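First the structure, in the form of structure tokens, and then the observations on it.
Every number here is computed from the coordinates shown, using simple stated rules; none is lab data. In this text, all values refer to a predicted model and were calculated from it rather than measured experimentally. Every residue, glycine as well, gets a Cβ built from its backbone with ideal geometry; the counts of neighbours run over all protein chains shown.
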Amino acid sequence: MNTTFRGTGVAIITPFHKQGTIDFTALERLIEHLIAGGADYLVVQGTTGETATLTREEKNALAAFVVDIVNKRIPLVLGIGSYSTQDVINSMRSNSVDGYDAILSVTPFYNKPQQRGLYLHYKNIATVSPLPIIMYNVPSRTSVNMKPEITLQLAAEFDNIIGIKEASGNIEQVMDIIRNKPKNFLVISGDDLLTLPLLGMGADGVISVVANAYPKLFSEMVSLGLKGEMKKAREIHYRLTDFTRSIFADGNPSGIKAALEIMQLISNNLRLPLVKIEKSHYNQLSALMTDIEPLNKK
């Protein structure tokens, strides 16, 4: 079993200044918060990082900055995805992946490929990828669901496709993958609220949004779940349930950025077309966080 990405990965946000530039000081503060909180690895330039709004220059600068600050203390995963297979291949060839341990690559979006197209997409990028690949299935964003038989075929045929972040929300589908996967293939939850149930079925961990705010609590829940200590894990799960629902109520990362501002880790700035959550929701979120634990003051 590949244990490098077993446990709690954090899909890290990208902090911005009010004028829209990347706030690298806040990013360093957040990284230290996540490492101190026990995150097992970080995922850079995923959906939560508002990657679609970043320029190529910003992506390169951001990727290098995270490598420098983390300084090999925990593993790193770099997001590289596109609706074009060739664009993913070009990015893998031209972008520096020095300091990263794997690539997270989402299924092609917008053009809604057939299942054979999804298979050929990952087959082609697997043949050129400089790092192991974690596939990412998130139909709510891509409008296409990669079926278990395609996931399992890719897992069996390509040693460098080491896992999948499953965010279909379909527990039966994830169960089929876990039941039939190769022994060394990782099944990673892409849904914070379903993480504990999936761990109970044999999943290997999570790539989490909630853990941006509560890395210690979420990592503890995942660790307990992996060890089968479900009673203690459930206590944390239900402690975080209302907060988890709230941060996704108005979209991601709008909710988690508001939470991180409440914790005084970042300023709550997003790039259009994303906007801040409403003030009433912000106040509700703050109240929920006070109930979870006293707010961190940085």
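Which ³J(HN,Hα) values in Hz, rounded to whole numbers, follow from the phi angles of the range 90-100 under the Karplus curve 6.51 cos²θ - 1.76 cosθ + 1.60, where θ = phi - 60° and Gly and Pro get x?
4, 5, 5, 7, 9, 7, 6, 10, 4, x, 9
Are there chymotrypsin sites (Phe, Trp or Tyr not before Pro) in the range 128-221 that DSSP puts in a loop and that have at most 12 other Cβ atoms within 10 Å, and which ones?
none
Once you have all Cα-Cα distances for the range 132-216, histogram them in 10 Å bins from zero and send the whole-percent values.
Answer for the range 132-216: a P(r) of 18, 53, 25, 3 percent.
Could you list which residues have their amide H under 5 Å from that of LEU186, counting only those 5 or more apart in sequence or on another chain, with H placed in the peptide plane?
Excluding prolines and chain starts, which carry no amide H, the hits are GLY163, ILE164.
Hey, which of these cross-link pairs are over 26 Å Cα-Cα: LYS123/LYS183; LYS147/LYS276; LYS147/LYS232; LYS112/LYS165; LYS123/LYS147?
Over 26 Å apart, Cα to Cα: LYS147/LYS276; LYS147/LYS232.
Karplus couplings for the range 174-182 from phi (6.51 cos²θ - 1.76 cosθ + 1.60, θ = phi - 60°), rounded to Hz, Gly and Pro as x?
Listing the rounded values in order: 5, 4, 5, 5, 4, 5, 10, 6, x Hz.
Given H placed on each backbone N at 1.01 Å, which residues far from GLY205 in sequence or on other chains put an amide H within less than 5 Å of it?
Under 5 Å from the amide H of GLY205: GLY7, SER189.
If you plug each phi of the range 12-25 into the Karplus form 6.51 cos²θ - 1.76 cosθ + 1.60 with θ = phi - 60°, what whole-Hz ³J(HN,Hα) values come out, in order, with x for Gly and Pro?
6, 6, 10, x, 10, 6, 4, 7, x, 7, 5, 8, 5, 5
Once you list every other residue whose beta carbon is under 14 Å from the beta carbon of ILE133, what net charge do they have if Lys and Arg are +1 and Asp and Glu are -1?
Overall, the nearby charge balance is -1.
Give, as a single signed number, the net charge of other residues whose beta carbon lies under 13 Å from the beta carbon of LEU76, with Lys and Arg counted +1 and Asp and Glu -1.
Charge balance in the 13 Å sphere: -2.
Return the tail of the calculated pair distribution for the range 214-298, meaning the percent of Cα-Cα pairs more than 16 Å apart.
So the portion of pairs separated by more than 16 Å is 55 percent.
Cα-based Rg of the range 25-184 per 2.2 N^0.38 Å, rounded to two decimals?
Ratio of Rg to 2.2 N^0.38 Å for the range 25-184: 1.04.
Pick the calculated Rg and Dmax of the Cα atoms in Å for this structure from (i) 19.5, 65; (ii) 18.1, 50; (iii) 25.2, 96?
Answer label, from the structure shown: (ii).
Give the shape of the range 1-57 as rounded, prolate or oblate, defined through the alpha-carbon gyration tensor: a ≥ b ≥ c are the square roots of its eigenvalues, a/c under 1.5 means rounded, and otherwise the shape is prolate if a/b is larger than b/c and oblate if not.
oblate
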